[in-house]
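Each value in this text was obtained by applying a stated rule to the coordinates, not by laboratory testing. Every value quoted in this text rests on a predicted model; they were computed, and no experiment measured them. Every residue, glycine among them, receives a Cβ derived from its backbone with ideal geometry; neighbour counts consider all protein chains shown.
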Amino acid sequence: MTVRLRAHHLLCMLTYVGKGYTPGFTVNYDRVAERLNCGEEIEIVFGPDDICAPLLADEAAHCFKDSINKRDAKALALVTEWLGQATQTGSRIAPDKAFIEKLRSGFQQGHLRSACSGCEWMSLCDRVSTSDFCGVKIAPQVTSAVNR
């Protein structure tokens, strides 16, 4: 199967720690996170995606707003530049360790953050990034146990 993600969710997934708009949204996002952790390929889509699914019954949901489409366009341009490879609607990406680490590096260094302008989750994402992505649910950082 393929996980359908809109472009700005490539950034959101980097700091997802189990917080969301509603309990149903969070349960769904946890499922998407598990699919990504199992290696399901990402397909970049325009508009609402697999993460947005629980909100789509509400016609006023932010998922449909032009400002979110603009955030997607900005994220897509920044991710393309940072990765050094063409990324567009329809692109398929393997969410492997190297891909996630490259995006997290760009996120921490601020190269990708302008796509997040105006997002209500920005302060949470800043804290997660500053903590070196402690507690993330997608491709969590694995630390080795101290030898005794």
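Taking N as the residue count of segment 1-54, its C-alpha radius of gyration divided by 2.2 N^0.38 Å amounts to 1.02. Scalar couplings 3J(HN,Hα) for segment 134-139, obtained by applying the Karplus form with A = 6.51, B = -1.76, C = 1.60 to θ = phi - 60°, are 5, x, 5, 9, 10, 6 Hz; x denotes Gly and Pro.
Cα centroids of segment 1-48 and segment 66-114: how far apart, whole angstrom? With segment 1-48 and segment 66-114 each reduced to a Cα centre, they are spaced 14 Å. For Arg4, the residues whose amide H sits under 5 Å from its own are Glu43, Asp50, ignoring neighbours fewer than 5 places away on the same chain, with H placed 1.01 Å from N.
The candidate values are (1) 1.24; (2) 1.01; (3) 1.05; the one derived from this structure for Cα Rg over 2.2 N^0.38 Å carries the label (2). Couplings 3J(HN,Hα) for segment 114-126, derived from phi with the Karplus relation 6.51 cos²θ - 1.76 cosθ + 1.60 (θ = phi - 60°), are 5, 5, 8, 3, x, 6, 5, 9, 4, 5, 5, 4, 4 Hz, where x marks Gly and Pro. Between Ala98 and Met1, the contour length at 0.36 nm per residue exceeds the Cα-Cα span by 32.8 nm. Using the Karplus relation 6.51 cos²θ - 1.76 cosθ + 1.60 with θ = phi - 60°, the per-residue 3J(HN,Hα) values for segment 31-44 come to 5, 4, 4, 4, 4, 5, 5, 7, x, 4, 5, 9, 10, 6 Hz, with x marking Gly and Pro.
Along the chain, counting only GluC sites (Glu not before Pro) with a DSSP assignment other than H, G, I, E or B and at most 14 other Cβ atoms inside a 10 Å radius, the longest segment between sites is 60-119. Just checking the listed ones, Gly20, Gly84, Gly106: in the Gaussian network model of the chain with Cα springs under 10 Å, the one fluctuating most is Gly84.
Around the amide H of Tyr16, modelled in the peptide plane, lie the amide H atoms of Lys137, Ile138, all under 5 Å away and 5 or more residues distant in sequence or on another chain.
So which lysines pass the test for Lys65, namely a Cα distance under 28 Å, with those fewer than 8 places away in the same chain ruled out? Straight-line reach from Lys65, under 28 Å: Lys19, Lys74, Lys137.
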